Amino acid sequence: MEVISTVLTNEEIEKFKNTFYESLTHNNNPYIKYFFNLENCTVSIYTTNKAVFQGKDAKIYAATFLNQKEVISQVGSDEVGTGDFFGPVVVVAAIVDEKIYQKIKDFKIEDSKNINDEKILYIAENLIKTVPYTLLILKNNQYNEVIKTNNMNKIKARMHNQAYLNLIKKFKNIPKLKIIDQFANKELYFNYLKEDKEVVKDVLLETKAESKYISVAISSIIARYYFIKEIENMNQKYNFIFKKGAGSNVDDNISEFIEKFGFDELKNVGKMNFKNLNKIIK
């Protein structure tokens, strides 16, 4: 049995309690504030904010607080393209364990938003040769149909869930620690999935997960890589330079595209529910 001890902040305790509230049980020890009876692990949180993780999976449950992202076997997922008018929505889920980490540790792994496109292409081309992952790309024509009956967060939830299902199908036994870069609280996330036949339920939703878990950071880089490649394919197909993002500079880009290729063609390259388009139509 493994035992791990650490001191948590009040915020960390509240987050842990909200995540695992269904496993919260009574304990007679007056010095224990919260006691959790989890699968293959018990967690005692004392009045001093000391947390003791005991059991076979102690490392898994304690990983969030120990900065051991490089040695804990884990799966992380992230998405890109949701803030860009042009281009698809891309979701990647990637597996990292100690063996994989040793092969990629020399690369600068961080959130893809902090790396320029040139470095993304270089790093990702090396990562995709080593890291087991699954990829989902929702192209614009598909997105514009799906968004009619789903909001963006529901689309993301369903894509993340499907990425994990694909990963399980492809690699069978995947790590128990599964992290999603949080875009909705746990209750809302699973509410988005209530109509799905298969749901991966043992996931952690963490804010800024790309800075805490190497698997999420890797997923963000690989997802960004495929997003860039899709934009490059669009540039080549239309002989047109599509701008990233959804700022005012993109408005002129949209107008230019409509002038050259017509309004109807826009649905194949852009997200038609974005406010950019409303401004142009007005």
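Remark: relative contact order (region 235-281) = 36 percent; criterion is Cα-Cα distance under 8 angstrom and separation of 6 or more residues.
Judged by the mean number of other Cβ atoms found within 10 Å, the most tightly packed of the peptides 152-161, 25-34 leads the ranking 152-161, 25-34. Look at the Cα gyration tensor of the chain: its axes a ≥ b ≥ c give a/c of at least 1.5 with a/b over b/c, and that counts as prolate. Pairs of Cα atoms nearer than 8 Å and 6+ residues apart set the relative contact order; for the chain it is 23 percent. Rounded to two decimals, the Cα-based Rg/Rh of region 170-282, with Kirkwood Rh, is 1.07. Among 259, 79, the ranking by other beta carbons within 10 Å of each residue's beta carbon, starting with the fewest, stands as 259, 79. Is region 74-232 best put as rounded, prolate or oblate by its Cα gyration tensor, with a ≥ b ≥ c the root eigenvalues, rounded for a/c under 1.5, and otherwise prolate when a/b is larger than b/c, oblate when not? In terms of gyration-tensor shape, oblate. For residue 59, a cut-off of 14 angstrom between C-alpha atoms picks up these aspartates and glutamates, skipping any fewer than 8 places away in its own chain: 2, 39, 70, 97, 98.
Cross-link pairs exceeding 32 Å between alpha carbons, from the set 50/103; 172/237; 194/279; 148/186; 33/170; 201/244: 50/103; 172/237; 194/279; 33/170; 201/244. For region 235-281, taking the reciprocal of the average inverse distance between every pair of different Cα atoms yields a Kirkwood hydrodynamic radius of 10.8 Å. Only helices enter this figure: runs of n ≥ 4 DSSP H residues, each worth -39500 (n - 2.57), summed and divided by the residues of the chain, yield -13000 deg cm²/dmol at 222 nm to the nearest 500. Between the Cα long axis of helix 152-171 and the first principal axis of the chain there is an angle of about 70°, rounded to the nearest 10.
A simple spin-label model places pseudo-atoms 7 Å from Cα toward Cβ; at residue 28 and residue 47 they are separated by 1.8 nm.
Among 212, 197, 244, the residue with the largest mean-square fluctuation in a Gaussian network model of the chain, with springs joining Cα atoms closer than 10 Å, is 197.
Just flag the GluC sites (Glu not before Pro) in region 168-201 sitting in loop per DSSP whose Cβ has no more than 16 other Cβ atoms within 10 Å. Passing both the DSSP loop test and the Cβ count: 195, 198.
The Stokes-Einstein estimate for region 1-118, based on a Kirkwood radius over Cα pairs and taken at 4 °C with 1.567 mPa s viscosity, is a diffusion coefficient of 77 µm²/s. Remark: 234, 272 ranked as 272, 234, counting other beta-carbon atoms within 10 Å and listing the fewest first.
Read the figures in this text as sums done on the coordinates, not as results from a lab. Just so you know, these numbers come straight off a predicted model, no measurement behind them. Positions of Cβ are backbone-derived with ideal geometry, glycine not excepted, and every protein chain shown enters the neighbour counts.
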